[in-house]
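Colleague: Here it is, the structure, as structure tokens.
The values are calculated or read from the model by the stated rules, or taken from the named source; none is laboratory data. Bear in mind that the values here come from a model prediction, so they are computed numbers and not experimental data. Cβ atoms come from the backbone with ideal geometry, glycine included; neighbour counts cover every protein chain shown. Just the protein is used for accessible areas: all its heavy atoms, side chains included, with ligands, DNA and RNA removed. Shrake-Rupley method; radii C 1.70, N 1.55, O 1.52, S 1.80 Å.
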Amino acid sequence: MSRLAKPMLFASSDECEQAFYEALESADVDAAVDLWLEDSEVCCVHPGGPRLLGHAAVTGSWRAILGNGPLRIRAASKKTLETPTIALHNVVEEIVVVQGRAQKVVHVIATNVYVKTPAGWKMVLHHASAAPEGQAADAESPSGPLH
């Protein structure tokens with residue numbers, strides 16, 4: 001049953017993010033789509049993919065991804081910056097990938113941004129990049145050129 005059976009009014013950005021990952025884990029397309037702000041400025045970048053702009057493009061991508069079934073995904077190592085109306089969450093996504101009979105955990109570094117609206121917190125950005133060599137490691141100081 002979709003989470004749409006009850007109103008999706010998130011009292012915090014943490015609640016919205018939890019619902020996001022729950023929707024991915026259960027392949028609940030309606031729930032995943034509903035937590036995004038309906039706006040032409042929302043943005044999503046999947047690992048190795050183009051920048052998707054606008055509600056239709058972003059939600060269309062999630063419909064395509066979740067059409068293949070649930071993702072075995074968990075957000076860890078969250079770092080946040082929050083104001084009364086905007087929240088930025090940087091997480092390391094741990095995704096279980098099945099290759100034949102073998103399973104491995106791949107790390108993806110993601111930034112999720114939420115805005116507070118009269119209807120609760122909504123997602124406006126998900127930007128994910130594959131971690132170098134599939135494993136995330138924190139670095140306090142860059143060791144070389146950033147760009």
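Colleague: Within region 46-77, how many residues are in contact (Cβ under 8 Å) with a residue 40 or more places away in the chain and either of a type in the set (F, W, Y) or more than 18 Å from A23 (Cα to Cα) (or both)?
Modeller: Counting residues in region 46-77 that are in contact (Cβ under 8 Å) with a residue 40 or more places away in the chain and either of a type in the set (F, W, Y) or more than 18 Å from A23 (Cα to Cα) (or both) gives 3.
Colleague: Determine if region 2-20 includes at least one residue that is modelled with pLDDT under 95, over 29 Å from E133 (Cα atoms), under 14 Å from the mean Cα position of the chain (by Cα) and open to solvent by 40 Å² or more (accessible area, probe 1.4 Å).
Modeller: no
Colleague: I would also like to ask the following. For the structure I just gave you, tell me whether A57 is modelled with pLDDT of 95 or more, more than 19 Å from L88 (Cα to Cα) and surrounded by 15 or more Cβ atoms within 10 Å (Cβ to Cβ).
Modeller: For A57, the condition - modelled with pLDDT of 95 or more, more than 19 Å from L88 (Cα to Cα) and surrounded by 15 or more Cβ atoms within 10 Å (Cβ to Cβ) - is met.
Colleague: Additional query: Residue check: is P47 assigned to a loop (DSSP other than H, G, I, E, B) and in contact with a helix residue (DSSP H, G or I) (Cβ under 8 Å, 6 or more places away or on another chain)?
Modeller: Against the criterion (assigned to a loop (DSSP other than H, G, I, E, B) and in contact with a helix residue (DSSP H, G or I) (Cβ under 8 Å, 6 or more places away or on another chain)), P47 does not qualify.
Colleague: Continuing with this model, one more query. Across region 73-127, what is the total count of residues that are of a type in the set (K, R) and open to solvent by less than 40 Å² (accessible area, probe 1.4 Å)?
Modeller: 1
The rows are residues; the columns are (1) at pLDDT 95 or above; (2) β-branched (V, I, T); (3) within 15 Å of the chain's Cα centre (by Cα).
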{"residue": "L24", "(1), (2), (3)": "yes, no, yes"}
{"residue": "A27", "(1), (2), (3)": "yes, no, yes"}
{"residue": "S40", "(1), (2), (3)": "yes, no, no"}
{"residue": "I73", "(1), (2), (3)": "yes, yes, yes"}
{"residue": "V91", "(1), (2), (3)": "yes, yes, yes"}
{"residue": "Q99", "(1), (2), (3)": "no, no, no"}
{"residue": "V105", "(1), (2), (3)": "no, yes, no"}
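Colleague: Any residue in region 11-30 that's within 22 Å of I86 (Cβ to Cβ): show its pairings with residues that are acidic (D, E) and surrounded by fewer than 19 Cβ atoms within 10 Å (Cβ to Cβ) at Cβ separation under 8 Å, as long as the two are six or more apart or on different chains.
Modeller: S13/E82
Colleague: Something else about it: Answer yes if at least one residue in region 110-118 is hydroxyl-bearing (S, T, Y), in contact with a strand residue (DSSP E or B) (Cβ under 8 Å, 6 or more places away or on another chain) and not in a strand (DSSP E or B), and no otherwise.
Modeller: No, there is no match, as no residue in region 110-118 is hydroxyl-bearing (S, T, Y), in contact with a strand residue (DSSP E or B) (Cβ under 8 Å, 6 or more places away or on another chain) and not in a strand (DSSP E or B).
Colleague: P70 versus (1) open to solvent by 80 Å² or more (accessible area, probe 1.4 Å); (2) more than 20 Å from D14 (Cα to Cα); (3) outside any loop (DSSP other than H, G, I, E, B): which is the lone unmet condition?
Modeller: Only one criterion is unmet by P70, namely (3).
Colleague: Would you call A130 modelled with pLDDT under 95, touching a Pro at 6+ places or on another chain (Cβ under 8 Å), open to solvent by 20 Å² or more (accessible area, probe 1.4 Å) and farther than 19 Å from D14 by Cβ?
Modeller: For A130, the condition - modelled with pLDDT under 95, touching a Pro at 6+ places or on another chain (Cβ under 8 Å), open to solvent by 20 Å² or more (accessible area, probe 1.4 Å) and farther than 19 Å from D14 by Cβ - is met.
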